[in-house]
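A.B. asks: Once you've had a glance at the structure underneath, I'll fire off some questions.
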Amino acid sequence: MALTAATTVLLGGGTAFADPGAAQVPTKPAIRNTVWLTDRRVALWIDSPAMGTQIQVQLLLAREWNSKPDMKFPALFMLDGLRATDQENGWTKDAGAQAFYADKDVTVVLPVGGQSSFYTDWQRPDNGKNYKWETFLTKELPPLLDKDWRTTNVRGLAGLSMGGSAAMTLAARNPGFVRYAASYSGLLATTTLGMPQAIKYAMHDAGGFDSGDMWGPATDAEWDAHDPYAIAEKLRGVSLYVSSGSGLAGRFDIPAGIPGVSTNFTGMVLESLSRFSSTQFVAKLDKLSIPVQVNYRPSGTHSWPYWDFEMRQSWSQAAAALGVETGKPDCAAGGAILPVAQGKTWLGDCLTAEFPLTGGAAQDFRGGRVLWSQAGGAHAVGGMIGGAYEGAAGPTGALGFPISDETPIPGGAQQNFQHGSIVFHDGKAEIHAS
């Protein structure tokens with residue numbers, strides 16, 4: 001038989017993951033579809049009654065997901081910016097989150113979509129969207145992840161720009177939901193003079209959205225109810241991280257020929273606004289005697305290289321708040337796995353020690369896995385073939401252990417297993433079970 005395990009559509013600007021399910025109006029939160037992209041990256045389509053549609057959420061599974069199948073892991077939600085797309089979260093599309101978190105023992109939760117939403121519940125639908133992101137992220141999604149994807153109630157929130165604002169807002173409005181919240185270049189004083197107008201302009205420019213449909217006119221009480229500055233008291237007890245650049249050209253910017261001026265003029269303005277509102281927010285926290293880790297960079301515009309830097313810079317604090325190690329333990333390949341690891345440079349460094357499986361053994365690497373059995377020997381499995389294999393329950397599933405390496409075929413690749421094969425062709429991986 002042939003089972004389509006994963007589908008991907010390649011675009012010029014990146015990778016878009018297609019929803020394999022039919023559109024329908026959800027009646028209760030549920031995981032409608034699951035697509036394994038690699039052995040530790042998975043795309044879920046979640047029925048959201050609040051939003052009346054399916055929402056894609058991608059997971060970067062914790063380092064020991066395979067080696068400790070009975071273990072549960074903290075969850076770190078990574079929120080996108082104002083121009084979030086419906087295809088892929090910016091933390092994997094425009095930053096290096098997948099590689100960075102590969103050796104971390106947290107499951108990273110990547111909501112997909114939400115352009116100009118501020119990840120909040122809107123008063124009215126707008127631009128074809130019925131945004132109820134706060135309900136989805138804090139009420140509908142977590143029980144599903146806890147039940148089916150081995151997450152715990154130990155959670156963190158981090159985001160850039162719009163997502164940084166939302167990280168603080170969601171943490172404050174939902175006491176006990178997270179232990180850690182980080183804002184990278186967020187707008188953290190959204191009701192100060194001129195800020196509602198700036199947000200209104202930015203939302204319209206980003207996708208034609210009207211902030212009046214979000215929280216009403218600037219005089220509406222909902223603006224105060226979602227302003228991190230106004231509700232800062234409710235962040236007491238949460239580990240907080242705030243960063244922003246100055247707006248001046250930095251090491252990741254293209255100079256415009258004038259000292260301190262970048263060719264990214266819009267990014268200079270937005271980062272200046274972020275710095276202004278962040279300093280107001282931090283001053284409020286100081287007045288309330290609420291601790292916060294602050295990183296004000298002397299330069300840098302509103303752009304992804306700086307947010308990627310802050311993701312790495314803030315990790316030690318996130319790890320402490322979530323109760324995990326900052327890095328991986330010492331590990332090295334040995335035995336029959338060693339020559340495979342040495343011969344497949346795409347595997348990268350090891351993430352776990354070798355661990356036993358019924359009928360064999362395995363070891364996880366940054367780029368995939370090496371599995372060994374007495375019958376088939378040691379073979380590496382990775383990429384979308386690795387994802388399809390994991391989606392079919394890996395060595396404990398119907399396919400059993402690999403008995404060959406991945407081999408090229410016209411237009412794709414194939415790998416053989418004890419009880420079938422996986423063929424990658426025309427952008428999809430198909431399982432052929434014997």
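A.B. asks: Inspect all residues belonging to segment 144-153 and state whether any of them is of a type in the set (A, V, I, L, M, F, W, C), assigned to a helix (DSSP H, G or I) and within 20 Å of L44 (Cβ to Cβ).
C.D. replies: Yes - at least one qualifying residue is present in segment 144-153.
A.B. asks: Could I ask something else about it? Among the residues of segment 86-134, how many are open to solvent by less than 20 Å² (accessible area, probe 1.4 Å) and polar (S, T, N, Q)?
C.D. replies: Number of matching residues: 5.
A.B. asks: Scanning segment 309-320 for residues that are of a type outside the set (D, E, K, R) and crowded, with 18+ Cβ neighbours inside 10 Å, which turns out nearest to M78 (Cα to Cα)?
C.D. replies: M311
Matching residues to (1) in contact with a Lys or Arg (Cβ under 8 Å, 6 or more places away or on another chain); (2) at pLDDT below 95; (3) of a type in the set (A, V, I, L, M); (4) crowded, with 17+ Cβ neighbours inside 10 Å:
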residue: D210; (1), (2), (3), (4): yes, no, no, no
residue: E233; (1), (2), (3), (4): no, no, no, no
residue: F265; (1), (2), (3), (4): no, yes, no, no
residue: V269; (1), (2), (3), (4): no, yes, yes, no
residue: R275; (1), (2), (3), (4): no, no, no, yes
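A.B. asks: Would you be able to tell me the number of residues in segment 167-177 that are open to solvent by 10 Å² or more (accessible area, probe 1.4 Å) and either assigned to a helix (DSSP H, G or I) or β-branched (V, I, T) (or both)?
C.D. replies: Final tally of qualifying residues: 2.
A.B. asks: Has segment 321-329 got at least one residue that is free of Cβ contacts under 8 Å to residues at least 24 places away in the same chain, more than 30 Å from M162 (Cβ to Cβ) and open to solvent by 10 Å² or more (accessible area, probe 1.4 Å)?
C.D. replies: no
A.B. asks: Let me ask something additional. Hey, does segment 370-392 have a residue that's of a type in the set (F, W, Y), open to solvent by less than 20 Å² (accessible area, probe 1.4 Å) and within 26 Å of the chain's Cα centre (by Cα)?
C.D. replies: Yes, segment 370-392 contains at least one residue that is of a type in the set (F, W, Y), open to solvent by less than 20 Å² (accessible area, probe 1.4 Å) and within 26 Å of the chain's Cα centre (by Cα).
A.B. asks: Another one. Exactly one of (1) of a type in the set (S, T, Y); (2) closer than 26 Å to A84 by Cβ; (3) open to solvent by 70 Å² or more (accessible area, probe 1.4 Å); (4) at pLDDT 95 or above is unmet by Y306. Its number?
C.D. replies: Among (1) of a type in the set (S, T, Y); (2) closer than 26 Å to A84 by Cβ; (3) open to solvent by 70 Å² or more (accessible area, probe 1.4 Å); (4) at pLDDT 95 or above, Y306 violates only (3).
A.B. asks: Here is a list of conditions, (1) of a type in the set (G, A, S); (2) under 19 Å from W304 (Cα atoms); (3) open to solvent by 10 Å² or more (accessible area, probe 1.4 Å), and G164 meets all of them except one; can you say which number that is?
C.D. replies: Every condition holds for G164 apart from (3).
A.B. asks: Same structure again: Do you know which of the residues in segment 216-245 that are hydroxyl-bearing (S, T, Y) and within 26 Å of the chain's Cα centre (by Cα) is nearest to Q123 (Cα to Cα)?
C.D. replies: Here the residue is Y229.
A.B. asks: For segment 418-434: of the residues being touching a residue at least 40 places away in the same chain (Cβ under 8 Å) and assigned to a strand (DSSP E or B), which is surrounded by the most Cβ atoms within 10 Å (Cβ to Cβ)?
C.D. replies: A429
A.B. asks: Taking A225 as the residue in question, decide whether it is small (G, A, S) and open to solvent by less than 40 Å² (accessible area, probe 1.4 Å).
C.D. replies: Yes: the conditions hold for A225.
A.B. asks: So in segment 235-266, with the set limited to residues that are outside any loop (DSSP other than H, G, I, E, B) and aromatic (F, W, Y), which one is nearest to A321 (Cα to Cα)?
C.D. replies: Y241
Quick grid of which residues meet (1) open to solvent by 50 Å² or more (accessible area, probe 1.4 Å); (2) at pLDDT 95 or above; (3) part of a loop (DSSP other than H, G, I, E, B):
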{"position": "S183", "(1), (2), (3)": "no, yes, no"}
{"position": "A189", "(1), (2), (3)": "no, yes, yes"}
{"position": "Y201", "(1), (2), (3)": "yes, no, no"}
{"position": "A206", "(1), (2), (3)": "no, no, no"}
{"position": "P217", "(1), (2), (3)": "yes, yes, yes"}
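A.B. asks: List the number of the failed condition for T352; all other conditions in (1) over 30 Å from A182 (Cβ atoms); (2) surrounded by fewer than 22 Cβ atoms within 10 Å (Cβ to Cβ) hold.
C.D. replies: (1)
A.B. asks: I've got another one for you. Which of the residues spanning segment 347-370 are under 21 Å from A99 (Cα atoms), touching a strand residue (DSSP E or B) at 6+ places or on another chain (Cβ under 6 Å) and not polar (S, T, N, Q)?
C.D. replies: Matches in segment 347-370: L347, G348, C350, L351, E354, A362, F365, G367, G368, R369, V370.
A.B. asks: Filter segment 277-299 for residues that are in contact (Cβ under 8 Å) with a residue 24 or more places away in the chain and out of contact with any strand residue (DSSP E or B) (no Cβ under 8 Å at 6 or more places or on another chain); which is most open to solvent (accessible area, probe 1.4 Å)?
C.D. replies: Checked segment 277-299; the qualifying residue most open to solvent (accessible area, probe 1.4 Å) is P298.
A.B. asks: Output the residues belonging to segment 52-82 that are over 24 Å from E325 (Cβ atoms), open to solvent by 10 Å² or more (accessible area, probe 1.4 Å) and touching a Ser or Thr at 6+ places or on another chain (Cβ under 8 Å).
C.D. replies: Those that are over 24 Å from E325 (Cβ atoms), open to solvent by 10 Å² or more (accessible area, probe 1.4 Å) and touching a Ser or Thr at 6+ places or on another chain (Cβ under 8 Å): Q54, I55, L82.
The values are calculated or read from the model by the stated rules, or taken from the named source; none is laboratory data. None of these values were measured; they are calculated from a predicted model. Methodologically, a virtual Cβ is constructed for each residue, glycine included, from the backbone with ideal geometry; neighbour enumeration extends over all protein chains shown. What goes into the accessible areas is simple: the full protein's heavy atoms, side chains included, and nothing from ligands, DNA or RNA. Shrake-Rupley method; radii C 1.70, N 1.55, O 1.52, S 1.80 Å.
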